[in-house]
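J.: Structure below; questions to follow.
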Amino acid sequence: QEGRPATSNRRGVEAWKQVEQAEERLEQRAGQRTRARERRRRRVRVATWTARILLPVVGAAVLVGVLQAEGGDLGGWPRERVIAFLAAVFAVPAALAAWLARREGWPMALAAAVGTFGAQGALVFGVAFVALGLGPQ
């Protein structure tokens with residue numbers, strides 16, 4: 001019977017070792033999950049800012065490209081089509097920018113939409129039309 005306490009004590013020590021190993025594995029996995037979440041947040045943040053920069057550039061390029069293809073004037077288009085085109089070319093990038101900023105609250109989403117609209121207007125009128133001489137003659 002003297003061997004019994006030693007055996008049960010060994011089992012108890014082994015059980016505690018297993019518990020400690022399990023806790024270490026849980027901590028390692030929690031750290032891995034935390035690092036993965038941080039990498040994902042970083043990727044989302046970079047993609048969001050990249051899109052915020054590219055949206056007005058793409059919208060302006062589409063507008064200037066269509067104007068150039070039409071000889072610098074949309075006069076040959078029906079009035080409704082011109083209005084729809086201009087609304088879409090400015091509203092779609094602004095709406096996408098607002099959608100991308102939605103997690104930061106509605107003031108930031110509104111600011112992103114207005115900023116995109118303004119940047120696109122500046123690119124179209126300031127850069128393309130004035131500086132580069134593209135668009136209507």
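The values are calculated or read from the model by the stated rules, or taken from the named source; none is laboratory data. Note that the structure is predicted; figures quoted are calculated from it, not measured. Backbone-built Cβ (ideal geometry, glycine too); neighbour counts: all protein chains shown. Quick note on the areas: whole protein, heavy atoms, side chains included, nothing else; ligands and nucleic acids left out. Shrake-Rupley method; radii C 1.70, N 1.55, O 1.52, S 1.80 Å.
J.: Can you say whether ARG42 is over 22 Å from GLN120 (Cα atoms) and open to solvent by 100 Å² or more (accessible area, probe 1.4 Å), as far as the supplied structure shows?
T.: yes
A quick yes/no check of all residues on (1) within 30 Å of GLU104 (Cβ to Cβ); (2) outside any helix (DSSP H, G or I); (3) in contact with a helix residue (DSSP H, G or I) (Cβ under 9 Å, 6 or more places away or on another chain):
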site: ASN9; (1), (2), (3): no, no, no
site: VAL13; (1), (2), (3): no, no, no
site: GLU27; (1), (2), (3): no, no, no
site: ARG43; (1), (2), (3): yes, no, no
site: THR48; (1), (2), (3): yes, no, yes
site: LEU74; (1), (2), (3): no, yes, yes
site: ILE83; (1), (2), (3): no, no, no
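J.: Further question: Looking at PHE125, PHE117, PHE90, can you tell me which residue is in contact (Cβ under 8 Å) with a residue 12 or more places away in the chain, aromatic (Phe, Trp, Tyr) and open to solvent by 100 Å² or more (accessible area, probe 1.4 Å)?
T.: Answer to the selection: PHE117.
J.: Moving on to the next point. Where residues in region 47-83 are without any contact (Cβ under 8 Å) to a residue 40 or more places away in the chain, more than 29 Å from ARG103 (Cβ to Cβ) and aliphatic (A, V, I, L, M), which of them is surrounded by the most Cβ atoms within 10 Å (Cβ to Cβ)?
T.: Selected residue: LEU74.
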